[in-house]
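Participant: Structure incoming, see below.
The values are calculated or read from the model by the stated rules, or taken from the named source; none is laboratory data. Bear in mind that the values here come from a model prediction, so they are computed numbers and not experimental data. A quick note on method: Cβ atoms are made from the backbone with ideal geometry, for glycine too, and the neighbour counts reach across all protein chains shown. We work out accessible area using only protein heavy atoms, side chains counted, and drop any ligands, DNA or RNA first. Shrake-Rupley method; radii C 1.70, N 1.55, O 1.52, S 1.80 Å.
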Amino acid sequence: MKCAVIGLGEAGGRYATALADQGHEVIGVDPADNPTPDGVRRVGSVQEAATGAEFVLVMTGAAASPGIARAVAPYLLSGVCYADFTSSAPAVMEQLARVVEATGASFADVAILGPVTWHGAHTPLMVSGSGAGAVEKLMRTVGAKVEPLDAPAGAAMAHKLLRSVFMKGIASTIWEAVEAGRVAGYEQWARDQIASQLAGDGHAVIERLLTGTRLHAERRSIEMKDTAAYLESLGVTPVMTRATEASLRRIAAAQ
């Protein structure tokens, strides 16, 4: 398969490498100074990457997603599968699907349900939309566990945002507790208390959450803003979600 990977950062670089390792032809593009993975042919524009591709995989930040879809749409052939792996809101995924499907291509809303830095291309995925089946087949070739939903675009991201209420919330809570413990001179005690409440290797979980928050506070704050809007659309008051968004923005600004 000829696969265009737009975005060669933390996630895109790993998926591009895995696809190339499985014998797929991978065309990569990224305006940032991210390295080009082995086996990937890098080009200078999203339009060039998408031309002639059978799959277009978008792995940028959510803010860039709508612009990429509009830029790429005229270059999509009928039957191409366009898969958005960003953390865009469900309503945005629905809009992107309309843009893409108007060209005769299929659209897949792909939710990454875990840390790619830990599991690489094997990270569990959830996918919805008209291209869900095609993405499931492609990503299984790289060893990913894929859960397809018989639902329109936006459904996979809705599930991910619901999961984010807990995952991003607990990460921010742990960050604050450890930060306070550090200032008070009781950081190890605070870590031990948190670890005693977590199953499995609690200290490893703490380190993963702290590291992830430090590296991705700004991106996650945007995701939590979308999560809060989604909860409000459900009639749920997102008190902790809004607080988590504010906390992540503070952490990002402090760095």
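Participant: In region 21-54, which residues are touching a residue at least 60 places away in the same chain (Cβ under 8 Å) and over 19 Å from C81 (Cα atoms)? Explain how you work it out, then say what you get.
Facilitator: First, the residues of region 21-54 that are touching a residue at least 60 places away in the same chain (Cβ under 8 Å): 21-22, 24.
Across region 21-54, the qualifying residue is only D21.
Participant: Next question, about the same structure. Suppose we filter region 159-192 for residues that are open to solvent by less than 60 Å² (accessible area, probe 1.4 Å) and either touching a strand residue (DSSP E or B) at 6+ places or on another chain (Cβ under 7 Å) or in the same structural domain as A91 (by the TED database) (or both); how many remain?
Facilitator: The qualifying residues number 1.
Participant: Would you confirm, using the coordinates I've provided, whether I112 is at pLDDT 95 or above, touching a Ser or Thr at 6+ places or on another chain (Cβ under 9 Å), β-branched (V, I, T) and buried (at least 16 other Cβ atoms within 10 Å of the Cβ)? I'd like the intermediate steps shown before the answer.
Facilitator: Working: at pLDDT 95 or above: yes; touching a Ser or Thr at 6+ places or on another chain (Cβ under 9 Å): yes; β-branched (V, I, T): yes; buried (at least 16 other Cβ atoms within 10 Å of the Cβ): yes.
The answer is yes for I112.
Participant: Which number in (1) under 30 Å from A155 (Cα atoms); (2) touching a residue at least 40 places away in the same chain (Cβ under 8 Å); (3) open to solvent by 100 Å² or more (accessible area, probe 1.4 Å) marks the one condition that T241 misses?
Facilitator: (3)
Participant: I'm told G28 meets every condition in (1) open to solvent by less than 20 Å² (accessible area, probe 1.4 Å); (2) assigned to a helix (DSSP H, G or I) except one. Can you identify the failing condition by its number?
Facilitator: Going through the list (1) open to solvent by less than 20 Å² (accessible area, probe 1.4 Å); (2) assigned to a helix (DSSP H, G or I), G28 breaks only (2).
Participant: Looking at region 208-238, which of its residues are open to solvent by 50 Å² or more (accessible area, probe 1.4 Å), at pLDDT 90 or above and charged (D, E, K, R)?
Facilitator: Passing the criteria: R214, E218, R219, K225, E232.
Participant: Among the residues of region 46-62, are any open to solvent by 30 Å² or more (accessible area, probe 1.4 Å), touching a Phe, Trp or Tyr at 6+ places or on another chain (Cβ under 8 Å) and not small (G, A, S)?
Facilitator: The answer is yes, given that some residue of region 46-62 is open to solvent by 30 Å² or more (accessible area, probe 1.4 Å), touching a Phe, Trp or Tyr at 6+ places or on another chain (Cβ under 8 Å) and not small (G, A, S).
Participant: Can I ask one more? Considering G133, G129, G114, which residue is under 14 Å from the mean Cα position of the chain (by Cα) and not β-branched (V, I, T)?
Facilitator: Values: G133 fails: under 14 Å from the mean Cα position of the chain (by Cα); G129 fails: under 14 Å from the mean Cα position of the chain (by Cα).
So the residue among G133, G129, G114 that is under 14 Å from the mean Cα position of the chain (by Cα) and not β-branched (V, I, T) is G114.
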